[in-house]
Amino acid sequence: MRVFAVAEIKFGELDPVSIELLNLANSIKGDGTAEAVVIGNGISKYAEELAKYADRVWKIEDSSLENYNPELYVDVLSQLFSKEKPDIVLVANSSRGSEFAPALATKLNAPVITDIVGLDTSNGIKATRYIFQGKLLVDILVKDGDTSVFTVRQGVFKEGSEVGGEVVDAGIKPSVTPKREFSQIIEPEVGEVDISQADIIVSVGRGIEDASNIELAEELADALGGVVAGSRPVIDSGWLPKDRQVGISGKTVKPKLYLALGISGAFQHIMGMKDSELIIAVNKDPEAPIFGVAQYGIVGDIFEIVPALVDKLREIKG
């Protein structure tokens with residue numbers, strides 16, 4: 001099976017989701033190939049990085065591709081796929097991927113399934129995704145066809161191994177004049193982090209009680225070398241920005257350590273962090289659902305436990 005992953009370049013960097021797509025591609029390719037497509041201008045360094053995880057990297061390079069344009073992406077990708085037939089095309093479920101993937105699928109006369117968290121090719125093609133705001137997990141069987149397009153949730157397929165493939169210049173240039181023009185890039189504020197890539201997350205819930213108490217979680221995160229995130233009630237209250245939300249309506253995370261402070265553990269939240277390597281929960285309610293997924297749990301007041309943890313960590317670090 002030929003599985004193609006469309007890489008993303010943002011703010012001059014290769015987005016980590018590009019490697020996640022290749023991790024998924026390698027897990028489902030069977031005796032086939034995992035192939036990456038990188039689009040842009042001056043992209044050789046990104047192609048070489050992708051080649052560590054792909055059997056083959058197709059480089060589509062042109063000055064008109066310096067900045068993302070969905071019309072040009074669909075144009076050059078459809079040109080490539082008319083020559084190199086994919087069985088599966090993987091795209092990040094990002095703002096970009098969600099925009100051009102349906103148009104690409106239409107161009108390829110292919111089905112498209114969005115925001116998947118699982119893909120099985122052992123007996124046909126079966127995609128897994130959430131519906132009804134994360135209340136149900138469903139499997140979708142794709143009918144036999146030439147090509148299928150999937151957008152993949154970020155942070156789900158972080159584990160994989162290096163392959164060591166080749167880089168190929170696709171020799172493709174845009175053949176259309178886009179109707180929209182690039183204006184400017186508005187970069188995120190300094191200090192914003194991508195929690196889906198963090199190794200250590202200190203996450204807070206209603207138990208933090210007030211925005212002023214977020215500082216307590218930040219002290220613990222700083223002592224651990226991690227970042228602060230939160231459950232939906234914290235985000236809805238405006239105590240943390242939207243990009244720090246963990247859960248079905250936020251981001252899926254798989255850190256090495258997930259420390260849940262005052263989080264009861266609603267289903268939507270658990271689905272976004274249950275695959276973390278180590279989960280430690282602190283909650284006053286011994287019946288809190290979060291304890292059902294945590295490897296270690298502390299029944300107690302976070303305002304007593306967290307300062308003690310911070311002091312102990314600082315003592316250990318000297």
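The values are calculated or read from the model by the stated rules, or taken from the named source; none is laboratory data. Since the structure is predicted, the reported quantities are computational estimates derived from the model, not experimental observations. Please note: Cβ atoms are built from the backbone with ideal geometry, for glycine as well, and neighbour counts cover all protein chains shown.
In the set (1) out of contact with any Pro (no Cβ under 6 Å at 6 or more places or on another chain); (2) touching a residue at least 40 places away in the same chain (Cβ under 8 Å); (3) under 23 Å from S183 (Cα atoms), F81 fails one condition alone, (3).
On the given criteria, is D222 charged (D, E, K, R), at pLDDT below 95 and over 21 Å from L257 (Cβ atoms)? No: the conditions fail for D222. For the residues G164, G155, the requirement of being surrounded by fewer than 19 Cβ atoms within 10 Å (Cβ to Cβ), outside any helix (DSSP H, G or I) and touching a Lys or Arg at 6+ places or on another chain (Cβ under 7 Å) singles out G164.
Considering only residues in the stretch 225-283 that are within 17 Å of the chain's Cα centre (by Cα) and hydroxyl-bearing (S, T, Y), the one that is surrounded by the fewest Cβ atoms within 10 Å (Cβ to Cβ) turns out to be S249.
Scanning the stretch 81-126 for residues that are under 28 Å from K254 (Cβ atoms), touching a helix residue (DSSP H, G or I) at 6+ places or on another chain (Cβ under 8 Å) and among the hydrophobic types (A, V, I, L, M, F, W, C) gives I88, V89, L90, V91, A92, F100, L104, V112, L119.
Inside the stretch 104-123, residues that are farther than 30 Å from E159 by Cβ and either assigned to a helix (DSSP H, G or I) or touching a strand residue (DSSP E or B) at 6+ places or on another chain (Cβ under 8 Å) (or both) make up a count of 2.
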